[in-house]
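**Q** A single structure is presented below for examination.
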Amino acid sequence: MIGHLINTDIGNRGVLELYLDYRRQNFNFLHNSAEMLLNNCENVLVITGFPIPPMQQAETDGPPGALAVYRAVERLGGKAEILTYPEVKNALEPFGPRFASAPEISDYSLVIAIETPGRASDGKYYSMSGLEITRETFDWAVIKARELGIPTIGIGDGGNEAGMGKIRELVKKHIPHGEKIGSVVETDELIVSAVSNWGAYGLIAQVSIESGKNLFGNWEERRVTEAAVGAGLIDGVSKKIEVSVDGISIGLHEKMVELLKGIIQEKLR
């Protein structure tokens, strides 16, 4: 149910077909990711931030999801830090998370990458439209974690994010420009979603259900998105500074959050 919900492909970007094929291969991807988080929440590094060419400014998809996951880890009794860009840090600082500046990956029990660029087969980084990202990227942290045997979770919606290398052949099959933009960076577990924030929220919903704790009850989608926009983050589809995510109005994102909250409450009754 949650997997279907977070893959509602309103933007018609090929994510639905990607998801359906992926779910046939890994039906329990949400359960497996939730279990990984529950078993390794002692010290979590959450990575987010996707620069949109040509302005190379971070977008509104990713940072809200990262903050929500950060809060969930804290409520589970673990610790978390967020690795991201300066403008994303400015957006999230009022909500009180801790940030990592030069993280030592061996210190972490789990690394979660939410909507952050993953290098393509040519070593470069691309937007969904095939434009090159020339700004600093953080997929090195995922690669290092896997080298060290530290568990990793990737969350993405377009095939060009860290973690999507796990299903690169499906990205090539279903996503426009997939051969060019598709990431080769894999994670141990991968959550595919129509909007990466929704993927993060879906993970939290699944963890809530499996832990018996509502980790998502007081989430305020509009407030967090408005803070992101106030810090200069842009909509990744329209490339404008507006209170929306991936070209979808904030009102619809709020409804998605309320539906996930309702599912959690129903399951925990």
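The values are calculated or read from the model by the stated rules, or taken from the named source; none is laboratory data. Keep in mind it's a predicted model, so treat the numbers as computed, not measured. Here Cβ is always computed from backbone atoms with ideal geometry, including for glycine, and neighbour counts include all displayed protein chains. The protein model used for the area step is the full one, side chains on, heavy atoms only, and it has no ligands, DNA or RNA in it. Shrake-Rupley method; radii C 1.70, N 1.55, O 1.52, S 1.80 Å.
**Q** With the full set of protein chains in place, find how many percent of the accessible area of the stretch 1-116 is carbon and sulfur; take the probe as 1.4 Å.
**A** Numbers: 2050 of 4260 Å².
Exposed carbon and sulfur together represent 48 percent of the surface.
**Q** Explain nothing, just the number: relative contact order of the stretch 185-269, from Cα pairs under 8 Å at least 6 residues apart, as a whole percent. Mind dumping the intermediate values first?
**A** On the way: 69 pairs, mean separation 24.8, N = 85.
After rounding, I find 29 percent.
**Q** If we sort 71-81, 158-168 on the protection proxy, mean other Cβ atoms within 10 Å, highest first, what's the order? Please list the in-between numbers first.
**A** Numbers: 71-81: 19.1, 158-168: 27.8.
The packing order, highest mean first, is 158-168, 71-81.
**Q** Taking a label point 7 Å from the Cα of Ser238 along the Cα→Cβ vector, which residues of the stretch 245-259 have an amide N closer than 14 Å to it?
**A** Backbone N within reach: 245-253.
**Q** Straight distance only, please: which aspartates and glutamates reach the Cα of Lys267 with their own Cα at less than 15 Å, same-chain residues fewer than 8 apart left out?
**A** Partners found: Glu210, Glu258.
**Q** Please provide three numbers in whole Å: the alpha-carbon extents of the chain along the principal axes, with the largest listed first.
**A** 47, 39, 38
**Q** Another question, if that's okay. Please sort 139-151, 247-259 by packing, taking for each peptide the average over its residues of neighbouring beta carbons within 10 angstrom, highest first.
**A** Details: 139-151: 17.9, 247-259: 16.4.
Descending mean neighbour count gives 139-151, 247-259.
**Q** Can you tell me the relative contact order of the chain? Whole percent, Cα pairs under 8 Å, sequence separation 6 or more. If you can, show how the numbers build up before the last one.
**A** Working: 606 pairs, mean separation 65.7, N = 269.
The normalised contact order for the chain reaches 24 percent.
**Q** Same structure, new question: Tell me, what % of the accessible area of the stretch 128-269 is carbon and sulfur with a 1.4 angstrom probe?
**A** Numbers: 2690 of 5520 Å².
Here carbon and sulfur together make up 49 percent of the probe-accessible area.
**Q** Using square roots of five times the C-alpha gyration tensor eigenvalues, list the equivalent-ellipsoid semi-axes of the stretch 153-269 in whole Å, biggest first. Write out the running numbers ahead of the final one.
**A** Values: eigenvalues 134, 89, 23 Å².
With the √(5λ) rule applied to the stretch 153-269, the semi-axes are 26, 21, 11 Å.
**Q** Please sort 185-196, 52-63, 218-229 by packing, taking for each peptide the average over its residues of neighbouring beta carbons within 10 angstrom, highest first. Walk me through the numbers on the way to the answer.
**A** Details: 185-196: 27.2, 52-63: 23.1, 218-229: 18.0.
Per-residue Cβ counts within 10 Å, averaged per peptide and sorted highest first, yield 185-196, 52-63, 218-229.
**Q** GNM on the chain, C-alpha springs below 10 Å: top fluctuator among Phe216, Phe95, Phe138?
**A** Of Phe216, Phe95, Phe138, the most mobile in the Gaussian network model is Phe95.
**Q** Provide the net charge surrounding Glu169, with neighbours chosen by a C-beta distance below 14 Å and charges set as Lys +1, Arg +1, Asp -1, Glu -1. Provide the component values of the computation, followed by the final result.
**A** On the way: positive: Arg24, Lys166, Arg168, Lys172, Lys173; negative: Glu17, Asp21, Glu179, Glu186.
Here the charged neighbours net out to +1.
**Q** Report the gain in length on full extension from Lys172 to Glu17: 0.36 nm times residue separation, minus Cα-Cα distance, nm rounded to one decimal.
**A** Details: separation 155, 0.36 × 155 = 55.80 nm, distance 1.18 nm.
Extending this stretch completely gives an extra 54.6 nm.
**Q** Sequence neighbours fewer than 8 away in the same chain don't count; with that in mind, list the lysines whose C-alpha is under 26 Å from Lys144.
**A** Output for Lys144: Lys79, Lys89, Lys124, Lys166, Lys172, Lys180.
**Q** Per residue, how much accessible area does the stretch 118-265 have with a 1.4 Å probe, in Å²?
**A** Values: 5440 Å² over 148 residues.
I get 37 Å² per residue for the stretch 118-265.
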